Amino acid sequence: MRIDVISIFPEYFAPLDVSLMGKARAKGILDVRLHQLREWAHDVHKTVDDTPYGGGPGMVMKPEIWGAAIDDVIGEGSPRLVVPTPSGRPFTQAVALEYAAEPWLLFAPARYEGIDSRVMIEYGARLRLDEVSIGDYVLAGGEAAVLVMIEAVARLLPGVLGNAVSAVDDSFAPGAMENLLEGPVFTKPPVWRGHEVPEVLLSGHHGKIARWRRDEALRRTLRKRPELIERGELSPADLRAIESFRADGDPVAD
Ligand code: SAM
């Protein structure tokens with residue numbers, strides 16, 4: 001997958017050299033190209049922002065600089081353009097999967113009060129453009145949001161995770177885990193500071209272990225994010241598990 005990022009802080013993306021992302025780049029699975037937006041600014045100060053029309057605090061990023069940068073980076077091509085903004089569509093695992101199926105993404109992280117809105121009108125008519133939010137809070141700039149999105153997308157690309165099955169069992173993974181959080185996980189030793197690993201995990205009984213994991217995912221989701229669960233999508237075994245949590249006095253949501 002090719003990923004271009006245009007930013008006034010390309011150095012912000014150094015973490016993409018580390019761990020899974022670094023290996024994916026070394027293997028050629030991920031082709032990340034970073035561009036310094038200021039290279040498209042032609043005044044002596046390489047200015048990329050100006051005061052907002054209508055007044056008010058802060059600065060707005062200039063449309064002609066973003067326009068020249070995006071035009072040069074895309075050439076005749078048509079990547080999916082992703083513009084991080086708190087007012088965008090929420091970024092979720094489903095969106096990460098959607099992006100993982102794209103051959104080419106172009107990210108346009110802003111600083112200051114954001115990019116002149118005409119840039120989104122212009123490229124919304126020419127490219128598939130998404131304005132995307134990584135959560136209901138405000139960052140100082142879009143670079144951290146882009147790092148989050150690249151990492152969530154790239155780990156879904158074939159060959160990036162050592163064990164491709166791990167993504168299938170993740171919280172929010174499409175299929176059986178779509179609306180569930182992953183339950184607790186354990187490793188050796190079997191007893192640590194008096195805390196024992198649940199016995200079923202030591203039993204070697206795959207069917208029972210799978211059912212226990214499913215039950216714990218249900219239990220955790222009901223406790224922490226009950227709004228995720230659509231009762232209509234649960235199997236009879238899931239519903240029986242929820243009834244048994246209640247019977248045991250577990251304070252799971254109704
Ligand atoms: N005044 C803007 C508003 O209230 O929507 C916030 C601008 S913020 C200081 C600067 C940039 O950080 C945004 O243009 C966007 O690129 C990025 N950003 C901030 N919070 C974000 C979020 N929750 N999700 C995605 N990008 C975000």
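The values are calculated or read from the model by the stated rules, or taken from the named source; none is laboratory data. Bear in mind the structure is a predicted one, so any value in this text is a computation, not a measurement. Side chains included, ligands, DNA and RNA excluded: accessible areas come from the protein's heavy atoms. Shrake-Rupley method; radii C 1.70, N 1.55, O 1.52, S 1.80 Å.
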Cut-off under 5 Å, modelled amide H: who pairs with Gly114 long-range: Met61
The range 158-208: relative contact order in percent, alpha carbon pairs under 8 Å with at least 6 residues between: 16 percent
Residue order for Ser7, Ser166 - accessible surface, 1.4 angstrom probe, largest first: Ser166, Ser7
With every protein chain in place, the chain: carbon and sulfur % of accessible area (1.4 Å): 55 percent
Residue-wise HN-Hα coupling along the range 191-208, computed from phi with Karplus coefficients 6.51, -1.76, 1.60 (Hz; x: Gly, Pro): 10, 10, 6, x, 8, 9, 6, x, 4, 4, 6, 9, 7, x, 8, 4, x, 5
Proximal lysines relative to Lys62, as straight alpha-carbon distance under 26 Å, when same-chain residues fewer than 8 apart are discounted: Lys46
Accessible area expressed per residue, the chain, with surrounding protein chains retained (probe 1.4 Å, Å²): 56 Å²
In Å², nearest 10: area of Arg214 left accessible to a 1.4 Å probe: 50 Å²
Interchain or long-range residues, amide H under 5 Å from Thr85's placed H: Val132, Ser133, Ile134
Integer Hz, Karplus 6.51/-1.76/1.60 couplings in order for the range 209-224, x for Gly and Pro: 5, 4, 5, 4, 4, 4, 4, 5, 5, 4, 4, 5, 5, 5, 6, 9
Within straight-line cross-link reach of Lys208, aspartates and glutamates at Cα separation under 14 Å, skipping those fewer than 8 residues along the same chain: Glu199, Glu216, Asp238
